[in-house]
Amino acid sequence: MGDWYKRYGSDSSSGSNAGCQLCHVSSAGGTPWNAYGWDIASALTDASCGAPGTDGKISYSDALACVEQRDSDQDPEGTSNLAEIRAGAQPGWTPGAGNTIWSRTGAATADQAPPHPIGPLDPGGSEPPPVASPPVSSTTQATANPGLVGAGIMLVRAGESIQAAINAAEPGTTIMIEPGIYRETSTAQGSNALEISKSHLRLVGLSEPLDLGNSSQPSEAGKKPQVEEASSAANRVILRSTGRQRNGIVVVPGDRTRCMDCHTSLAPPFPVLPGVEPITETDPVLFDVEISGITIEGFPNNGLFAERLDGFRFLDIWARNNRNYGIFPALSKNGVITRSKASGADDSGIWVETSDNIQVTHNLMEDNVNGFEISNSDDIYAAYNEMRNNTVGVAVFVLQDHLFAIRPDGNRYTIKRNWIHDNNRRNTATGGILATLTPGTGILALAMDESRFVENRIENNDAFGLVLADSCVVLAGTDFDCETSPVPEGFAGELGSHIIEGNRVLRNVFINNGSKPLASGPYKGLEGDIVFASGATAESNCFAGNSYKQLKVLARPPATETPRPSPLPPAPCE
(Lines give C-alpha, C1' and ligand atoms only; values in the text may rest on other atoms or scores of the structure.)
Protein backbone atom coordinates (compact mmCIF):
# COMPACT_ATOMS: atom_id res chain seq x y z
CA MET A 1 0.00 0.00 0.00
CA GLY A 2 2.98 2.30 0.37
CA ASP A 3 3.05 3.42 -3.28
CA TRP A 4 -0.72 3.87 -3.28
CA TYR A 5 -0.64 6.08 -0.17
CA LYS A 6 2.25 8.07 -1.61
CA ARG A 7 0.18 8.86 -4.69
CA TYR A 8 -3.31 9.30 -3.18
CA GLY A 9 -3.18 9.08 0.59
CA SER A 10 -3.56 12.76 1.43
CA ASP A 11 -6.49 13.13 -1.00
CA SER A 12 -8.53 9.98 -0.44
CA SER A 13 -10.01 7.84 2.32
CA SER A 14 -10.39 4.83 -0.01
CA GLY A 15 -7.22 3.15 1.27
CA SER A 16 -7.78 3.83 4.96
CA ASN A 17 -11.38 2.55 4.72
CA ALA A 18 -10.55 -0.72 2.96
CA GLY A 19 -6.92 -1.48 3.80
CA CYS A 20 -5.75 -4.50 1.79
CA GLN A 21 -9.29 -4.99 0.52
CA LEU A 22 -8.82 -1.96 -1.68
CA CYS A 23 -7.27 -4.50 -4.12
CA HIS A 24 -7.75 -7.92 -2.49
CA VAL A 25 -10.66 -10.06 -1.31
CA SER A 26 -9.02 -10.86 2.02
CA SER A 27 -8.22 -8.26 4.64
CA ALA A 28 -4.79 -9.91 4.84
CA GLY A 29 -4.08 -9.40 1.13
CA GLY A 30 -2.84 -12.08 -1.24
CA THR A 31 -4.88 -13.95 -3.85
CA PRO A 32 -7.57 -13.45 -5.06
CA TRP A 33 -7.76 -9.86 -6.29
CA ASN A 34 -10.73 -7.67 -7.08
CA ALA A 35 -10.92 -6.08 -10.52
CA TYR A 36 -8.91 -3.00 -9.50
CA GLY A 37 -6.14 -5.12 -7.96
CA TRP A 38 -6.08 -7.37 -11.03
CA ASP A 39 -5.84 -4.36 -13.37
CA ILE A 40 -2.84 -3.07 -11.38
CA ALA A 41 -1.18 -6.49 -11.43
CA SER A 42 -1.74 -6.71 -15.19
CA ALA A 43 -0.36 -3.21 -15.73
CA LEU A 44 2.91 -4.27 -14.08
CA THR A 45 3.56 -6.54 -17.08
CA ASP A 46 2.20 -4.17 -19.73
CA ALA A 47 5.10 -2.38 -21.47
CA SER A 48 2.78 0.42 -22.61
CA CYS A 49 2.36 1.45 -18.97
CA GLY A 50 6.05 2.21 -18.47
CA ALA A 51 7.39 5.75 -18.37
CA PRO A 52 9.52 6.86 -21.34
CA GLY A 53 13.18 5.92 -21.04
CA THR A 54 12.66 3.13 -18.50
CA ASP A 55 13.38 0.25 -20.92
CA GLY A 56 10.03 -1.37 -20.27
CA LYS A 57 10.43 -1.47 -16.49
CA ILE A 58 7.10 -0.66 -14.86
CA SER A 59 6.99 0.64 -11.30
CA TYR A 60 3.96 0.39 -9.04
CA SER A 61 3.52 4.14 -9.48
CA ASP A 62 3.47 3.65 -13.27
CA ALA A 63 0.90 0.88 -12.90
CA LEU A 64 -1.34 3.00 -10.67
CA ALA A 65 -1.22 5.84 -13.18
CA CYS A 66 -1.91 3.45 -16.05
CA VAL A 67 -5.24 2.26 -14.62
CA GLU A 68 -6.54 5.61 -13.32
CA GLN A 69 -8.89 6.24 -16.24
CA ARG A 70 -10.25 2.67 -16.32
CA ASP A 71 -13.53 1.66 -14.68
CA SER A 72 -12.28 -1.52 -13.02
CA ASP A 73 -15.41 -2.35 -11.01
CA GLN A 74 -17.77 -1.62 -13.95
CA ASP A 75 -20.08 0.35 -11.68
CA PRO A 76 -23.37 1.55 -13.22
CA GLU A 77 -22.17 5.15 -13.40
CA GLY A 78 -19.09 4.23 -15.42
CA THR A 79 -16.92 6.21 -12.96
CA SER A 80 -13.17 6.04 -13.53
CA ASN A 81 -10.87 4.58 -10.87
CA LEU A 82 -9.34 8.00 -10.24
CA ALA A 83 -12.76 9.60 -9.80
CA GLU A 84 -13.71 6.96 -7.25
CA ILE A 85 -10.44 7.40 -5.36
CA ARG A 86 -10.86 11.18 -5.30
CA ALA A 87 -14.39 10.65 -3.93
CA GLY A 88 -13.21 8.23 -1.21
CA ALA A 89 -15.02 5.28 -2.84
CA GLN A 90 -13.76 1.82 -3.86
CA PRO A 91 -12.47 1.46 -7.43
CA GLY A 92 -12.51 -2.35 -7.20
CA TRP A 93 -15.93 -2.93 -5.65
CA THR A 94 -19.50 -2.04 -6.54
CA PRO A 95 -22.69 -2.82 -4.52
CA GLY A 96 -24.47 -6.14 -4.99
CA ALA A 97 -23.38 -9.50 -6.29
CA GLY A 98 -21.91 -8.12 -9.49
CA ASN A 99 -18.20 -8.13 -8.76
CA THR A 100 -15.55 -10.25 -10.45
CA ILE A 101 -12.53 -11.60 -8.58
CA TRP A 102 -9.33 -12.98 -10.09
CA SER A 103 -6.98 -15.78 -9.02
CA ARG A 104 -3.23 -15.90 -9.45
CA THR A 105 -3.67 -17.96 -12.65
CA GLY A 106 -5.99 -15.36 -14.16
CA ALA A 107 -9.18 -17.36 -13.59
CA ALA A 108 -12.18 -15.07 -13.11
CA THR A 109 -15.11 -15.71 -10.77
CA ALA A 110 -18.11 -13.50 -11.43
CA ASP A 111 -21.18 -12.47 -9.40
CA GLN A 112 -19.37 -11.91 -6.09
CA ALA A 113 -20.54 -9.62 -3.27
CA PRO A 114 -18.15 -7.00 -1.87
CA PRO A 115 -16.60 -7.36 1.60
CA HIS A 116 -18.04 -5.35 4.47
CA PRO A 117 -17.41 -2.83 5.95
CA ILE A 118 -14.95 -1.00 3.68
CA GLY A 119 -16.62 2.39 3.38
CA PRO A 120 -18.52 3.82 0.39
CA LEU A 121 -18.31 1.58 -2.66
CA ASP A 122 -19.34 3.99 -5.46
CA PRO A 123 -19.58 7.79 -5.43
CA GLY A 124 -23.26 7.73 -6.37
CA GLY A 125 -24.47 4.37 -5.10
CA SER A 126 -25.78 1.73 -7.50
CA GLU A 127 -28.52 3.72 -9.23
CA PRO A 128 -27.76 5.22 -12.65
CA PRO A 129 -27.35 9.01 -12.71
CA PRO A 130 -29.84 11.38 -14.31
CA VAL A 131 -29.37 11.71 -18.04
CA ALA A 132 -26.99 14.57 -18.82
CA SER A 133 -26.88 16.64 -21.98
CA PRO A 134 -24.82 14.91 -24.68
CA PRO A 135 -21.16 15.99 -24.48
CA VAL A 136 -19.74 18.01 -27.34
CA SER A 137 -16.17 18.15 -28.60
CA SER A 138 -13.62 18.74 -25.85
CA THR A 139 -12.23 21.70 -27.80
CA THR A 140 -15.53 23.56 -28.09
CA GLN A 141 -16.97 26.12 -25.71
CA ALA A 142 -18.60 24.64 -22.61
CA THR A 143 -22.35 25.16 -22.57
CA ALA A 144 -23.96 21.86 -21.58
CA ASN A 145 -25.05 21.13 -18.02
CA PRO A 146 -23.16 18.67 -15.78
CA GLY A 147 -24.63 15.46 -14.42
CA LEU A 148 -25.38 14.66 -10.79
CA VAL A 149 -23.49 11.52 -9.81
CA GLY A 150 -24.79 11.18 -6.27
CA ALA A 151 -25.41 13.02 -3.03
CA GLY A 152 -22.76 15.70 -2.71
CA ILE A 153 -20.92 14.75 -5.92
CA MET A 154 -21.29 16.16 -9.43
CA LEU A 155 -19.47 15.07 -12.59
CA VAL A 156 -18.62 17.44 -15.45
CA ARG A 157 -17.79 15.76 -18.73
CA ALA A 158 -15.75 17.32 -21.53
CA GLY A 159 -17.87 19.89 -23.33
CA GLU A 160 -20.14 20.54 -20.34
CA SER A 161 -20.01 23.68 -18.23
CA ILE A 162 -17.95 23.75 -15.03
CA GLN A 163 -19.55 27.06 -14.05
CA ALA A 164 -23.02 25.52 -14.33
CA ALA A 165 -21.95 22.88 -11.81
CA ILE A 166 -20.55 25.55 -9.48
CA ASN A 167 -23.81 27.51 -9.71
CA ALA A 168 -25.88 24.42 -8.90
CA ALA A 169 -23.64 23.10 -6.11
CA GLU A 170 -24.71 23.18 -2.49
CA PRO A 171 -22.15 23.67 0.31
CA GLY A 172 -20.18 20.46 0.79
CA THR A 173 -20.34 19.44 -2.87
CA THR A 174 -17.42 17.84 -4.71
CA ILE A 175 -17.40 18.70 -8.43
CA MET A 176 -15.32 16.24 -10.44
CA ILE A 177 -14.22 17.25 -13.94
CA GLU A 178 -13.18 14.84 -16.66
CA PRO A 179 -10.06 15.68 -18.72
CA GLY A 180 -10.59 17.94 -21.71
CA ILE A 181 -10.31 21.55 -22.85
CA TYR A 182 -12.91 23.88 -21.34
CA ARG A 183 -13.78 27.38 -22.56
CA GLU A 184 -16.47 28.79 -20.32
CA THR A 185 -19.07 31.30 -21.51
CA SER A 186 -21.57 31.20 -18.65
CA THR A 187 -20.34 34.02 -16.37
CA ALA A 188 -22.48 37.10 -16.75
CA GLN A 189 -19.86 39.80 -17.19
CA GLY A 190 -17.16 37.74 -18.83
CA SER A 191 -14.15 39.01 -16.84
CA ASN A 192 -13.60 35.56 -15.34
CA ALA A 193 -13.84 32.10 -16.84
CA LEU A 194 -14.93 30.54 -13.52
CA GLU A 195 -16.32 32.29 -10.45
CA ILE A 196 -16.63 30.71 -6.99
CA SER A 197 -18.48 32.82 -4.42
CA LYS A 198 -19.64 30.09 -2.06
CA SER A 199 -18.00 28.14 0.76
CA HIS A 200 -17.29 24.45 1.38
CA LEU A 201 -16.69 23.44 -2.21
CA ARG A 202 -14.23 21.04 -3.88
CA LEU A 203 -13.40 21.50 -7.57
CA VAL A 204 -11.46 18.37 -8.59
CA GLY A 205 -9.99 17.90 -12.05
CA LEU A 206 -9.55 14.19 -12.79
CA SER A 207 -6.17 14.93 -14.33
CA GLU A 208 -2.98 12.98 -14.52
CA PRO A 209 -0.92 14.56 -11.71
CA LEU A 210 1.85 16.91 -12.76
CA ASP A 211 5.33 15.42 -12.76
CA LEU A 212 7.42 18.13 -11.10
CA GLY A 213 10.58 16.05 -10.77
CA ASN A 214 12.58 16.30 -7.55
CA SER A 215 11.71 19.91 -6.87
CA SER A 216 13.48 20.29 -3.54
CA GLN A 217 17.05 19.29 -4.37
CA PRO A 218 19.04 18.48 -7.51
CA SER A 219 20.65 15.12 -8.12
CA GLU A 220 23.78 16.93 -9.29
CA ALA A 221 24.79 20.55 -8.81
CA GLY A 222 23.26 22.63 -11.57
CA LYS A 223 21.48 19.73 -13.27
CA LYS A 224 17.77 20.27 -13.84
CA PRO A 225 15.30 17.42 -13.36
CA GLN A 226 13.14 16.36 -16.24
CA VAL A 227 9.71 17.95 -15.76
CA GLU A 228 6.56 16.95 -17.56
CA GLU A 229 5.74 19.62 -20.15
CA ALA A 230 2.69 18.03 -21.75
CA SER A 231 -0.53 20.02 -21.48
CA SER A 232 -2.65 17.47 -23.30
CA ALA A 233 -6.41 17.35 -23.18
CA ALA A 234 -6.07 13.58 -23.02
CA ASN A 235 -4.67 13.64 -19.49
CA ARG A 236 -5.44 17.07 -17.97
CA VAL A 237 -8.39 19.34 -17.29
CA ILE A 238 -7.43 22.52 -19.17
CA LEU A 239 -9.20 25.86 -18.73
CA ARG A 240 -8.62 28.38 -21.52
CA SER A 241 -9.91 31.87 -22.23
CA THR A 242 -12.58 32.49 -24.83
CA GLY A 243 -10.53 35.52 -25.84
CA ARG A 244 -12.27 38.19 -23.78
CA GLN A 245 -11.86 36.87 -20.23
CA ARG A 246 -9.16 38.39 -18.02
CA ASN A 247 -8.91 35.79 -15.24
CA GLY A 248 -9.11 32.02 -15.15
CA ILE A 249 -10.61 31.08 -11.76
CA VAL A 250 -11.56 33.61 -9.08
CA VAL A 251 -12.63 32.68 -5.55
CA VAL A 252 -14.02 35.98 -4.28
CA PRO A 253 -17.04 37.43 -2.46
CA GLY A 254 -20.10 37.78 -4.65
CA ASP A 255 -19.78 41.56 -4.85
CA ARG A 256 -16.17 41.29 -6.13
CA THR A 257 -16.70 39.30 -9.34
CA ARG A 258 -17.36 42.34 -11.55
CA CYS A 259 -13.75 43.46 -11.65
CA MET A 260 -14.16 46.22 -14.21
CA ASP A 261 -16.75 47.99 -12.05
CA CYS A 262 -13.79 49.12 -9.91
CA HIS A 263 -10.71 49.00 -12.15
CA THR A 264 -9.72 50.52 -15.44
CA SER A 265 -7.23 47.67 -15.85
CA LEU A 266 -6.47 44.43 -14.03
CA ALA A 267 -2.77 44.64 -14.86
CA PRO A 268 -0.36 46.02 -12.26
CA PRO A 269 -0.66 48.57 -10.73
CA PHE A 270 -4.41 47.79 -10.84
CA PRO A 271 -5.61 51.39 -11.49
CA VAL A 272 -9.10 52.07 -10.16
CA LEU A 273 -11.95 54.18 -11.43
CA PRO A 274 -12.49 57.66 -9.95
CA GLY A 275 -14.27 57.54 -6.61
CA VAL A 276 -13.37 53.94 -5.79
CA GLU A 277 -12.25 53.74 -2.16
CA PRO A 278 -9.65 51.35 -0.71
CA ILE A 279 -10.87 48.03 0.64
CA THR A 280 -11.52 48.39 4.37
CA GLU A 281 -13.24 45.06 5.07
CA THR A 282 -10.62 42.34 5.26
CA ASP A 283 -12.30 39.63 7.35
CA PRO A 284 -12.95 36.30 5.58
CA VAL A 285 -16.20 35.90 3.68
CA LEU A 286 -15.56 32.51 2.07
CA PHE A 287 -14.41 29.30 3.81
CA ASP A 288 -13.05 25.86 2.94
CA VAL A 289 -12.46 25.72 -0.82
CA GLU A 290 -10.27 23.16 -2.60
CA ILE A 291 -9.22 23.34 -6.25
CA SER A 292 -7.09 20.57 -7.74
CA GLY A 293 -6.04 18.93 -10.97
CA ILE A 294 -6.59 21.89 -13.35
CA THR A 295 -4.32 23.57 -15.88
CA ILE A 296 -5.22 27.26 -16.26
CA GLU A 297 -3.58 28.83 -19.28
CA GLY A 298 -3.45 31.88 -21.48
CA PHE A 299 -5.35 34.51 -19.46
CA PRO A 300 -4.13 38.10 -19.78
CA ASN A 301 -4.25 38.82 -16.04
CA ASN A 302 -4.51 36.06 -13.41
CA GLY A 303 -4.68 32.30 -13.52
CA LEU A 304 -6.14 31.56 -10.06
CA PHE A 305 -7.06 34.46 -7.76
CA ALA A 306 -8.59 34.30 -4.27
CA GLU A 307 -9.68 37.10 -1.95
CA ARG A 308 -11.00 36.99 1.64
CA LEU A 309 -10.85 33.20 1.74
CA ASP A 310 -10.21 31.31 5.00
CA GLY A 311 -9.14 27.69 4.55
CA PHE A 312 -8.07 26.70 1.06
CA ARG A 313 -6.08 24.01 -0.71
CA PHE A 314 -4.74 24.54 -4.22
CA LEU A 315 -3.26 21.23 -5.36
CA ASP A 316 -1.90 20.06 -8.72
CA ILE A 317 -2.56 23.39 -10.46
CA TRP A 318 -0.57 24.40 -13.52
CA ALA A 319 -0.90 28.17 -13.99
CA ARG A 320 0.61 28.48 -17.45
CA ASN A 321 1.24 31.63 -19.49
CA ASN A 322 -1.12 33.87 -17.53
CA ARG A 323 0.47 37.23 -18.13
CA ASN A 324 0.39 38.91 -14.71
CA TYR A 325 0.08 36.28 -11.97
CA GLY A 326 -0.27 32.51 -11.91
CA ILE A 327 -1.61 31.68 -8.43
CA PHE A 328 -2.51 34.73 -6.34
CA PRO A 329 -4.22 34.63 -2.90
CA ALA A 330 -4.86 38.04 -1.28
CA LEU A 331 -6.50 38.96 2.03
CA SER A 332 -6.72 35.23 2.73
CA LYS A 333 -5.57 32.87 5.47
CA ASN A 334 -4.99 29.25 6.49
CA GLY A 335 -4.21 27.96 3.03
CA VAL A 336 -1.97 25.49 1.21
CA ILE A 337 -0.52 25.73 -2.30
CA THR A 338 1.20 22.46 -3.11
CA ARG A 339 2.45 20.21 -5.92
CA SER A 340 1.65 22.88 -8.48
CA LYS A 341 3.48 24.71 -11.23
CA ALA A 342 3.45 28.39 -12.22
CA SER A 343 5.16 29.52 -15.41
CA GLY A 344 5.16 32.27 -18.01
CA ALA A 345 4.11 35.33 -15.92
CA ASP A 346 5.50 38.81 -16.50
CA ASP A 347 5.06 39.45 -12.78
CA SER A 348 4.92 36.57 -10.26
CA GLY A 349 4.28 32.87 -10.74
CA ILE A 350 2.91 32.54 -7.18
CA TRP A 351 2.17 35.70 -5.18
CA VAL A 352 0.99 35.59 -1.54
CA GLU A 353 -0.27 39.10 -0.77
CA THR A 354 -1.62 40.50 2.53
CA SER A 355 -2.39 37.02 3.83
CA ASP A 356 -1.77 34.96 6.97
CA ASN A 357 -0.65 31.39 7.66
CA ILE A 358 -0.10 30.15 4.11
CA GLN A 359 2.01 27.08 3.24
CA VAL A 360 3.65 26.91 -0.20
CA THR A 361 5.35 23.54 -0.63
CA HIS A 362 6.58 21.14 -3.34
CA ASN A 363 5.91 23.53 -6.24
CA LEU A 364 7.83 24.45 -9.40
CA MET A 365 8.05 28.12 -10.43
CA GLU A 366 9.87 28.86 -13.68
CA ASP A 367 10.00 31.37 -16.54
CA ASN A 368 8.43 34.26 -14.59
CA VAL A 369 9.80 37.66 -13.57
CA ASN A 370 9.35 36.69 -9.90
CA GLY A 371 9.12 32.98 -9.31
CA PHE A 372 7.60 33.36 -5.84
CA GLU A 373 6.62 36.64 -4.18
CA ILE A 374 5.46 37.45 -0.65
CA SER A 375 4.28 40.89 0.43
CA ASN A 376 2.63 42.39 3.52
CA SER A 377 1.84 39.02 5.06
CA ASP A 378 2.41 37.12 8.29
CA ASP A 379 3.44 33.51 8.98
CA ILE A 380 4.24 32.29 5.49
CA TYR A 381 6.02 28.92 5.10
CA ALA A 382 7.67 28.12 1.76
CA ALA A 383 9.58 24.83 1.61
CA TYR A 384 10.68 22.10 -0.81
CA ASN A 385 9.97 24.25 -3.87
CA GLU A 386 12.07 24.76 -6.98
CA MET A 387 12.48 28.24 -8.45
CA ARG A 388 14.40 28.24 -11.71
CA ASN A 389 14.81 30.30 -14.87
CA ASN A 390 13.02 33.34 -13.44
CA THR A 391 14.39 36.89 -13.28
CA VAL A 392 14.26 36.65 -9.46
CA GLY A 393 13.67 33.31 -7.75
CA VAL A 394 12.09 34.61 -4.52
CA ALA A 395 11.04 38.23 -3.89
CA VAL A 396 9.97 39.51 -0.47
CA PHE A 397 8.52 43.03 -0.28
CA VAL A 398 6.46 45.41 1.84
CA LEU A 399 4.26 47.30 -0.61
CA GLN A 400 2.44 50.60 -0.32
CA ASP A 401 -0.63 51.21 -2.42
CA HIS A 402 -4.17 52.49 -2.36
CA LEU A 403 -5.98 49.19 -2.91
CA PHE A 404 -6.18 48.06 0.72
CA ALA A 405 -6.75 50.51 3.55
CA ILE A 406 -4.83 48.23 5.92
CA ARG A 407 -1.25 47.36 4.86
CA PRO A 408 0.59 45.24 7.44
CA ASP A 409 4.33 44.77 7.52
CA GLY A 410 5.87 41.37 6.73
CA ASN A 411 6.63 39.08 9.65
CA ARG A 412 7.69 35.50 10.31
CA TYR A 413 8.44 34.12 6.88
CA THR A 414 10.19 30.76 6.64
CA ILE A 415 12.02 30.04 3.37
CA LYS A 416 13.34 26.52 3.87
CA ARG A 417 14.94 23.75 1.82
CA ASN A 418 14.13 25.22 -1.57
CA TRP A 419 16.25 24.80 -4.69
CA ILE A 420 16.72 28.29 -6.13
CA HIS A 421 18.86 28.18 -9.23
CA ASP A 422 19.58 29.59 -12.69
CA ASN A 423 17.31 32.59 -12.24
CA ASN A 424 18.80 34.55 -15.12
CA ARG A 425 15.73 35.22 -17.26
CA ARG A 426 15.43 38.57 -19.03
CA ASN A 427 13.22 41.01 -17.10
CA THR A 428 10.02 41.42 -19.14
CA ALA A 429 8.10 43.58 -16.64
CA THR A 430 6.78 46.73 -18.30
CA GLY A 431 6.83 49.31 -15.49
CA GLY A 432 7.22 50.19 -11.84
CA ILE A 433 9.82 48.85 -9.46
CA LEU A 434 9.43 45.37 -10.87
CA ALA A 435 11.00 46.52 -14.13
CA THR A 436 14.14 47.55 -12.22
CA LEU A 437 14.81 44.11 -10.73
CA THR A 438 18.20 42.72 -11.66
CA PRO A 439 18.16 39.44 -13.62
CA GLY A 440 20.27 36.76 -12.02
CA THR A 441 18.94 37.12 -8.44
CA GLY A 442 18.19 34.08 -6.30
CA ILE A 443 16.45 35.71 -3.30
CA LEU A 444 15.65 39.42 -2.96
CA ALA A 445 14.44 39.88 0.62
CA LEU A 446 13.43 43.41 1.59
CA ALA A 447 11.62 44.81 4.58
CA MET A 448 10.56 41.77 6.60
CA ASP A 449 11.12 40.93 10.28
CA GLU A 450 11.61 37.77 12.36
CA SER A 451 12.04 35.59 9.30
CA ARG A 452 14.24 32.57 8.58
CA PHE A 453 16.12 31.46 5.49
CA VAL A 454 17.14 27.89 6.27
CA GLU A 455 18.93 25.11 4.38
CA ASN A 456 18.19 26.38 0.89
CA ARG A 457 20.40 25.49 -2.06
CA ILE A 458 21.04 28.68 -4.03
CA GLU A 459 23.16 28.30 -7.14
CA ASN A 460 24.02 29.56 -10.61
CA ASN A 461 22.29 32.91 -10.26
CA ASP A 462 24.39 35.29 -12.37
CA ALA A 463 24.22 38.39 -10.13
CA PHE A 464 23.26 37.58 -6.52
CA GLY A 465 22.48 34.53 -4.42
CA LEU A 466 20.75 36.37 -1.54
CA VAL A 467 20.13 40.08 -1.11
CA LEU A 468 18.97 40.80 2.46
CA ALA A 469 18.32 44.52 2.81
CA ASP A 470 16.25 47.50 3.85
CA SER A 471 14.08 48.67 0.97
CA CYS A 472 15.39 52.22 1.03
CA VAL A 473 19.01 51.09 1.00
CA VAL A 474 18.43 49.08 -2.15
CA LEU A 475 16.41 51.84 -3.83
CA ALA A 476 18.81 54.68 -2.97
CA GLY A 477 19.96 56.46 -6.10
CA THR A 478 17.33 54.90 -8.34
CA ASP A 479 14.17 56.47 -9.75
CA PHE A 480 12.38 55.10 -6.68
CA ASP A 481 14.65 56.60 -4.01
CA CYS A 482 12.62 56.73 -0.79
CA GLU A 483 13.49 60.40 -0.14
CA THR A 484 13.36 61.87 -3.61
CA SER A 485 10.56 59.79 -5.11
CA PRO A 486 7.62 59.29 -2.72
CA VAL A 487 4.85 56.92 -3.66
CA PRO A 488 2.74 58.61 -6.36
CA GLU A 489 -0.89 59.13 -5.43
CA GLY A 490 -3.05 56.35 -6.81
CA PHE A 491 -0.11 54.17 -7.84
CA ALA A 492 0.01 50.64 -6.48
CA GLY A 493 2.97 48.46 -5.76
CA GLU A 494 5.74 50.72 -4.46
CA LEU A 495 7.97 49.59 -1.62
CA GLY A 496 7.59 50.79 1.93
CA SER A 497 10.58 52.04 3.92
CA HIS A 498 11.49 49.52 6.58
CA ILE A 499 14.61 48.43 8.44
CA ILE A 500 14.87 44.67 8.65
CA GLU A 501 15.20 43.13 12.11
CA GLY A 502 15.22 39.73 13.75
CA ASN A 503 16.05 37.70 10.65
CA ARG A 504 18.18 34.52 10.66
CA VAL A 505 20.09 33.02 7.72
CA LEU A 506 21.05 29.45 8.64
CA ARG A 507 22.83 26.54 6.95
CA ASN A 508 22.22 27.58 3.35
CA VAL A 509 24.46 26.39 0.52
CA PHE A 510 25.54 28.99 -2.05
CA ILE A 511 27.25 27.81 -5.26
CA ASN A 512 28.47 29.83 -8.23
CA ASN A 513 26.40 32.97 -7.73
CA GLY A 514 27.53 36.35 -9.06
CA SER A 515 29.67 34.84 -11.80
CA LYS A 516 28.73 37.46 -14.42
CA PRO A 517 29.63 41.06 -13.50
CA LEU A 518 26.92 43.65 -14.00
CA ALA A 519 27.61 45.97 -16.92
CA SER A 520 26.47 49.09 -15.04
CA GLY A 521 24.23 50.37 -12.26
CA PRO A 522 24.59 51.17 -8.57
CA TYR A 523 25.23 47.52 -7.60
CA LYS A 524 28.02 46.81 -10.03
CA GLY A 525 30.82 45.21 -8.02
CA LEU A 526 28.50 43.73 -5.39
CA GLU A 527 27.82 40.51 -7.30
CA GLY A 528 28.24 37.34 -5.28
CA ASP A 529 26.61 34.86 -2.96
CA ILE A 530 25.30 37.22 -0.26
CA VAL A 531 24.71 40.97 -0.13
CA PHE A 532 23.67 42.45 3.23
CA ALA A 533 22.49 46.07 3.36
CA SER A 534 20.68 47.37 6.43
CA GLY A 535 20.79 50.29 8.79
CA ALA A 536 19.84 47.99 11.67
CA THR A 537 22.17 47.29 14.55
CA ALA A 538 24.58 44.42 14.07
CA GLU A 539 22.66 42.24 16.52
CA SER A 540 19.35 42.60 14.69
CA ASN A 541 20.02 39.98 12.03
CA CYS A 542 22.28 36.93 12.19
CA PHE A 543 24.00 34.38 9.95
CA ALA A 544 25.27 30.90 10.92
CA GLY A 545 26.38 27.67 9.28
CA ASN A 546 26.14 28.90 5.68
CA SER A 547 28.46 27.70 2.91
CA TYR A 548 29.44 30.60 0.61
CA LYS A 549 32.39 32.37 -0.97
CA GLN A 550 31.41 36.02 -0.74
CA LEU A 551 29.41 38.05 1.79
CA LYS A 552 29.40 41.72 0.77
CA VAL A 553 28.15 44.51 2.99
CA LEU A 554 26.81 47.62 1.33
CA ALA A 555 28.44 50.14 3.66
CA ARG A 556 26.80 53.18 2.12
CA PRO A 557 24.08 53.38 -0.51
CA PRO A 558 25.68 54.38 -3.81
CA ALA A 559 24.75 57.25 -6.11
CA THR A 560 23.18 59.50 -3.50
CA GLU A 561 24.24 62.69 -1.75
CA THR A 562 21.93 62.15 1.21
CA PRO A 563 23.69 60.81 4.32
CA ARG A 564 22.19 57.55 5.54
CA PRO A 565 22.99 55.06 8.30
CA SER A 566 25.96 52.87 7.45
CA PRO A 567 24.86 49.22 7.44
CA LEU A 568 26.77 46.86 9.67
CA PRO A 569 27.60 43.21 8.96
CA PRO A 570 25.15 40.66 10.35
CA ALA A 571 26.09 39.07 13.63
CA PRO A 572 26.69 35.35 14.14
CA CYS A 573 23.63 33.62 15.58
CA GLU A 574 23.81 32.64 19.22
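The values are calculated or read from the model by the stated rules, or taken from the named source; none is laboratory data. Note that the structure is a prediction, hence the values are computed from the model and not measured. Neighbour counts run over all protein chains shown; Cβ positions are idealised from the backbone, glycine included.
Scanning segment 329-381 for residues that are under 12 Å from the mean Cα position of the chain (by Cα), surrounded by fewer than 22 Cβ atoms within 10 Å (Cβ to Cβ) and among the basic types (Lys, Arg) yields a single hit, 339.
Just checking, how many residues over segment 530-552 are surrounded by fewer than 17 Cβ atoms within 10 Å (Cβ to Cβ) and modelled with pLDDT under 80? Summing the residues that are surrounded by fewer than 17 Cβ atoms within 10 Å (Cβ to Cβ) and modelled with pLDDT under 80 in segment 530-552 gives 3. Only one entry in 305, 397 is touching a helix residue (DSSP H, G or I) at 6+ places or on another chain (Cβ under 8 Å) and in the same structural domain as residue 242 (by TED's automatic domain parsing), namely 397. Being modelled with pLDDT of 65 or more, part of a loop (DSSP other than H, G, I, E, B) and on the phi > 0 side of the Ramachandran plot: is that true of residue 243 here? For residue 243, the condition - modelled with pLDDT of 65 or more, part of a loop (DSSP other than H, G, I, E, B) and on the phi > 0 side of the Ramachandran plot - is met.
Cβ separations smaller than 7 Å between residues 6+ apart or across chains give the following pairs from segment 349-373 residues that are without any contact (Cβ under 8 Å) to a residue 60 or more places away in the chain and on the phi > 0 side of the Ramachandran plot to residues that are among the small types (Gly, Ala, Ser) and outside any strand (DSSP E or B): 367/344. The selection criterion, being within 17 Å of residue 102 (Cβ to Cβ) and hydroxyl-bearing (Ser, Thr, Tyr), does not hold for residue 48.
Restricting to segment 289-314, what's the tally of residues that are among the charged types (D, E, K, R) and in contact (Cβ under 8 Å) with a residue 40 or more places away in the chain? Can you show your working first?
Filtering segment 289-314 for residues among the charged types (D, E, K, R) gives 290, 297, 307-308, 310, 313.
Next, from what is left, pick out any that are in contact (Cβ under 8 Å) with a residue 40 or more places away in the chain: 290, 297, 307-308.
Selection size over segment 289-314: 4.
Of the candidates 12, 80, 26, the single residue that is among the small types (Gly, Ala, Ser), surrounded by 14 or more Cβ atoms within 10 Å (Cβ to Cβ) and at pLDDT 80 or above is 80. Scanning segment 490-501 turns up no residue that is modelled with pLDDT of 90 or more, surrounded by fewer than 23 Cβ atoms within 10 Å (Cβ to Cβ) and out of contact with any Phe, Trp or Tyr (no Cβ under 8 Å at 6 or more places or on another chain). Residue 51 meets the conditions (1) at pLDDT 85 or above; (2) aliphatic (A, V, I, L, M); (3) within 17 Å of residue 208 (Cβ to Cβ) in every case but one. The failed one is (1). Which condition from (1) out of contact with any Leu (no Cβ under 8 Å at 6 or more places or on another chain); (2) modelled with pLDDT of 95 or more is the one that residue 356 breaks? Condition not satisfied by residue 356: (2). Exactly one residue out of 142, 158, 164, 151 is surrounded by 22 or more Cβ atoms within 10 Å (Cβ to Cβ), at pLDDT below 95 and closer than 25 Å to residue 313 by Cβ: that is 142.
In this structure, does residue 311 turn out to be within 17 Å of residue 330 (Cβ to Cβ) and either modelled with pLDDT of 65 or more or part of a strand (DSSP E or B) (or both)?
On the way: within 17 Å of residue 330 (Cβ to Cβ): yes; either modelled with pLDDT of 65 or more or part of a strand (DSSP E or B) (or both): yes.
In short, yes.
Among the residues of segment 327-347, write down those that are part of a strand (DSSP E or B) and under 17 Å from residue 384 (Cβ atoms). Of everything in segment 327-347, those that are part of a strand (DSSP E or B) and under 17 Å from residue 384 (Cβ atoms) turn out to be 327, 335, 336, 337, 338, 341, 342.
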